[in-house]
Structures are given as C-alpha cells and as structure tokens.
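Let me begin by presenting the structure, written as structure tokens, before commenting on it.
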Ligand code: BG6
Ligand code: MG
C-alpha cells in the first residue's frame, strides 16, 4: 500500500533552521529590533515572503512592497553564504541509513520543500540523485498548509497520496500533508506536531516497519 516517501528538507534532512534564524535575525537587528528562537519556531515551513511579513509584524515595522522585496533578497544573500558552505556531514543523524533502507524496500523517494534554495542545498550535501522527484518553492506556488507541494510530488512519482508517507518538522507542513490526504509523520516534538499520524524525534534506528506499525498501516 505504501509506495513512496516524500521528505520535507529544512529540519528533516538538514538543520538549515539555524541558518535561516541567523539571517532573519540579522535583518531584524538592522531594522532595529530582535526576535526569539521561540518566535523563529513559527517560521518553519513558511515561505520567504510569509516569514518576512511575520517578522515585520513582531518588530512593528511597516514598509513598502518594494522595500520588502529588497530586504527579502538581502536575507536570502546572507542565508546563501551559509548554505553554499554546507557539506554532507550536515545531513541529520539517521537520515542516510533510513534512505538506504527505504531504497532496499523498493520505496520511491521524493522531496517536498517550500524553499527556493532546496535544489542547491540537496546538491550541496550530495543527496540530489537519491530523489526521483524534487518539488521546491519555485515549482510550488502555494505555501504550506496548502498541500500543493506534496500533491505535485505524488504526481511526479505517479502515486496517489494514500500511497505516500510525508515526513515533516513543521506544524504547517503536517497540515499540508493531511490536507492532501497523505500519511503524515512529524519529526521533532510531539507538542508541536500532535496532529500528525505519528511523531518520532529523529530517524536514528528507525525502520519502515516502525513507521507502518506506528501509523497502523500495512505496506
Ligand atoms: C522552508 C523553511 O523549508 O523554506 C522556512 O522551513 C523558509 O523557514 C522556507 O522560510 C523558504 O525558504 P527559502 O530558502 O526559499 O527562503
Ligand atoms: Mg521543515
């Protein structure tokens, strides 16, 4: 029944949240305010412009649409300084063995990310060839919790949502998976992700059967 797994990138395959945080914080500081790591949690899975809107709201800053585009571009330049230095050792623990294990089990692999930088990141850490489908923030025009990013992935893999498991670290990403009719597995803390079918802290030591039993389905 399960034929494919679709992975979010940021926070699931690699920890790029820390680089987003540094770059967004630099933007906030240059605009004269600061925000916390807890607030940063709310930016997970949110598009670049959507994130900027939230941050400006937190700082009580208003600006023209043209200025918003220019600040978002600056933030992206700062962010890219970090991601273009990323190495395969930044792949999160347990991910490589889990991808190998899925391949052995004949499961198709897809990537579904809101990031326009997804393609560069996945190339940088040497995982590009692992994924039969890569849908990023350039291909998907609607932000999570809209299911578009995962629906496009399922389509590219030639599968129905009910044949796919989505792995996500963001609450909005779990919403997107559920809205699309996918099985949704949260990676991280139960507190943020308790609407998922199953939550695991990370992929260390995890097998497909652990996941299938956890969400009570048969492959
Ligand atoms: C998501 C991240 O994967 O991509 C968000 O969780 C980020 O924090 C979004 O804002 C867009 O990323 P980018 O690379 O297009 O600015
Ligand atoms: Mg994520």
Q: Being touching a strand residue (DSSP E or B) at 6+ places or on another chain (Cβ under 7 Å) and surrounded by fewer than 22 Cβ atoms within 10 Å (Cβ to Cβ) narrows it down to one of 111, 99, so name that one.
A: 99
**Q.** Selection within the stretch 97-118 - within 17 Å of residue 47 (Cβ to Cβ) and in contact with a helix residue (DSSP H, G or I) (Cβ under 8 Å, 6 or more places away or on another chain)
**A.** 111, 112, 113, 114, 115, 116, 117
Q) When the stretch 1-18 is examined, which residues are found to be more than 14 Å from the chain's Cα centre (by Cα) and modelled with pLDDT of 95 or more? A) 2, 3, 4
Q) Could we say that residue 142 is in contact with a helix residue (DSSP H, G or I) (Cβ under 8 Å, 6 or more places away or on another chain), at pLDDT below 95 and either surrounded by fewer than 21 Cβ atoms within 10 Å (Cβ to Cβ) or part of a helix (DSSP H, G or I) (or both) here? A) yes
(Q) Here's a check for you: in the stretch 158-176, which residue that is in a strand (DSSP E or B) and away from ligand 1 (no atom under 14 Å from the Cβ) is nearest to residue 3 (Cα to Cα)? (A) 164
Q: Taking the options 106, 126, 110, name whichever one is under 15 Å from the mean Cα position of the chain (by Cα), outside any helix (DSSP H, G or I) and more than 14 Å from ligand 1 (Cβ to nearest atom).
A: 110
Q: Name the single residue, out of those in the stretch 1-11 being within 10 Å of ligand 1 (Cβ to nearest atom) and within 11 Å of residue 112 (Cα to Cα), that is surrounded by the most Cβ atoms within 10 Å (Cβ to Cβ).
A: 8
Q.
Quick check on the stretch 179-191. Is at least one of its residues within 16 Å of ligand 1 (Cβ to nearest atom), in contact (Cβ under 8 Å) with a residue 24 or more places away in the chain, within 17 Å of the chain's Cα centre (by Cα) and part of a helix (DSSP H, G or I)?
A. no
Q: Search the stretch 105-118 for residues that are over 27 Å from residue 50 (Cβ atoms) and pair each with any residue that is more than 15 Å from ligand 1 (Cβ to nearest atom) and modelled with pLDDT under 95 when their beta-carbon atoms are under 8 Å apart and the residues are at least 6 apart or on different chains.
A: 105/219
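The values are calculated or read from the model by the stated rules, or taken from the named source; none is laboratory data. Remember, it's a predicted structure, so these values are computed and weren't measured experimentally. Methodologically, a virtual Cβ is constructed for each residue, glycine included, from the backbone with ideal geometry; neighbour enumeration extends over all protein chains shown.
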